[in-house]
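All remarks here apply to the structure that follows.
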Amino acid sequence: MGHHEPVADWARDFDHTDDAWAADPYAIWDELRGTCPVAHTGRYGGAWLPTRYDDIAAVAYDTDRFTSRSVVVSEFRPPDALAPAGIAPPISSDPPYHQDARRMLLPIFSPQAVEKLEPATRAYCEELIDAVRDRDVVDAAEEYAQHIPVRVIANMLGLPEADADVFRGFVNHVLEGVSLPMDQRAEGMMALFGYLQGHIEDHVARPRDDLISFLLDSELDGEKLNPFHVARTIALLLIAGIDTTWSAIGASLWHLAKTPHDRERLVAEPALMPLAIEEFLRAYAPVTMARLVREDMEWNGCPMKAEEWVLLPFPAANRDPAAFERPNDVIIDREVNRHAAFGLGIHRCAGSHLARMEMRVALESWLAAFPAFELADPAAVRWSEGQVRGPRTLPVTIIRG
Amino acid sequence: MKVAIDRARCAGHGRCYFTAPELFEPDEIGDGYVIGDGVVAPSLEAKARLAVANCPERAIDISFDVPVDGIDATAGAS
């Protein structure tokens, strides 16, 4: 967003909101992995960037020395006073509190629960396609991918679908507004919680069969969750559930638009879809997580200071040649694929089964309607900046048979 | 061949029960569990190895009860 100095030295002064990172982070990570596998920057109050699979995994597993108090790198560090739940439980919670706060959510996102959401998801996808079916050029990110997770999560939570633009505004502010001055950032968070508070009060007065009422009725340590905890968990589900899946669907369609062989193969062999989805998740993993260093220490030879950030670029882990054969090739029938797109360890993405279902349904519906399409203008494709990577503008030309 | 899931490592990615639904199943929170006693039919051994190779947490162990000179020796591998 241009609030920062351009990066000249990626090893000592990196910035994950730089235009070069948004344009092609893989080249940056490949270079660093070979020359400076744990990079540093003084920006954002200090941050580290491991790019090897093993180092990223080691930080993710080390919940003693790295705290999840915040997972979005900016100048803003949430106050310790919110512990043990943190600003957006359970992603912001550490053990031992984390376990029960997470356990409570998991049945809602289990494969069995997600399966029940599939018919409605397919109906949304088809409705979106119907609106553009006769067009020659469609923006697959803006007119298709972005709407799918918004509608799914709004319906799960019990928030009005008509507020989709409002959610996207909040999410964009949290994830892409990381270079904004701290007071503007705090204002954006307050606006999000103000919005949610109204809906929570309405659910307290009139409980219904949705996730907000479920959370208000849930207990942790024998006590009902307080509305502020509920608000922070809802904020998490909105922030974690929208841009991420939008990015994964968009990146998959981008790949298929520019790779006719893979597109034709997937149309001809729909049984390949599950493997192809895992490969898109590996090669175009949208999410880079983060931790805060708990105390001053030396880690792998790096002098880490308390309150410095550590980015966890799972997409970089997924391109590490030490962990994957031909890591920069997208192989849609790759059978051995131990990717870390949904993270590693206790914070494994709680919505991963939902995300996979949305990806599969979105791609199946799109390919059924538009078996042939290509990038309308490769230069017009615009990628998001920050810790969630995906195409935000993706004009494709529909090829008619 | 026999498969087992290390409960301390499983984080519920679900790769095992999508890769080899004959051998693994999810519980109500999506964690993976071995179906039955974990003994793998010869026709499913390749799938079992794929499940091991795809588990992001390296939580699945394969073991073999191999008779050696009439004595059962157990070898572990993951």
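Just so you know, all these numbers are worked out from the coordinates, no wet-lab data involved. Quick caveat: nothing in here was measured; it's all calculated off a predicted structure. Backbone-built Cβ (ideal geometry, glycine too); neighbour counts: all protein chains shown.
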Just how far, in whole angstrom, is segment A:335-364 from segment A:142-203 if you go by their alpha carbon centroids?
22 Å
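From the square roots a ≥ b ≥ c of the eigenvalues of the alpha-carbon gyration tensor of segment A:10-153, which class results: rounded (a/c under 1.5), prolate (a/b over b/c), or oblate?
Oblate, because a/c is 1.5 or more while a/b does not exceed b/c.
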Got a sec? How would B:Arg7, A:Arg360 order by Cβ neighbour count within 10 Å, fewest to most?
B:Arg7, A:Arg360
Apply the Karplus parameterisation 6.51 cos²θ - 1.76 cosθ + 1.60, with θ equal to phi minus 60°, to every residue of segment A:110-126 and state each ³J(HN,Hα) to the nearest whole Hz, in sequence, with x for glycine and proline.
5, x, 5, 5, 5, 4, 5, 8, 5, x, 5, 5, 5, 4, 4, 4, 5
With no solvent and one equal point scatterer per Cα, compute the Debye intensity ratio I(q)/I(0) for segment A:279-322 at 0.16 Å⁻¹ and report its log10, rounded to two decimals.
-0.54
Quote to one decimal, in nm, the extra length available between B:Arg9 and B:Ser43 on full extension: 0.36 nm per residue of separation minus the C-alpha distance between them.
9.5 nm
Considering segment A:319-365, what Rg and Dmax in Å follow from its alpha-carbon atoms?
12.8, 36
Diffing segment A:150-160: the Karplus 3J(HN,Hα) column from phi (6.51, -1.76, 1.60, θ = phi - 60°), in whole Hz with x for Gly and Pro, holds 4, 5, 4, 6, 4, 5, 5, 6, x, 10, x
Give the Kirkwood hydrodynamic radius (Å, one decimal) of chain A, defined as one over the mean of 1/r across all pairs of different Cα atoms.
21.7 Å
Karplus-derived 3J(HN,Hα), 6.51/-1.76/1.60, for each residue of segment A:184-191, Hz, glycine and proline x
5, 5, 4, 4, x, 5, 5, 4
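Does segment A:335-401 classify as rounded, prolate or oblate by the C-alpha gyration tensor (a ≥ b ≥ c root eigenvalues; a/c under 1.5 gives rounded; else a/b over b/c gives prolate, otherwise oblate)? Don't jump to the answer; show the numbers that get you there.
Details: a/c = 2.67, a/b = 1.58, b/c = 1.69.
It is oblate, given that a/c is not under 1.5 and a/b is not larger than b/c.
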In Å, what Rg and Dmax follow from the Cα atoms of segment A:117-221?
16.7, 56
Taking other Cβ within 10 Å of each residue's Cβ, how do A:Phe193, A:Phe66 sort, fewest first?
A:Phe193, A:Phe66
By the C-alpha gyration tensor axes a ≥ b ≥ c (rounded if a/c is under 1.5, else prolate when a/b exceeds b/c, else oblate), the shape of segment A:31-103 is oblate
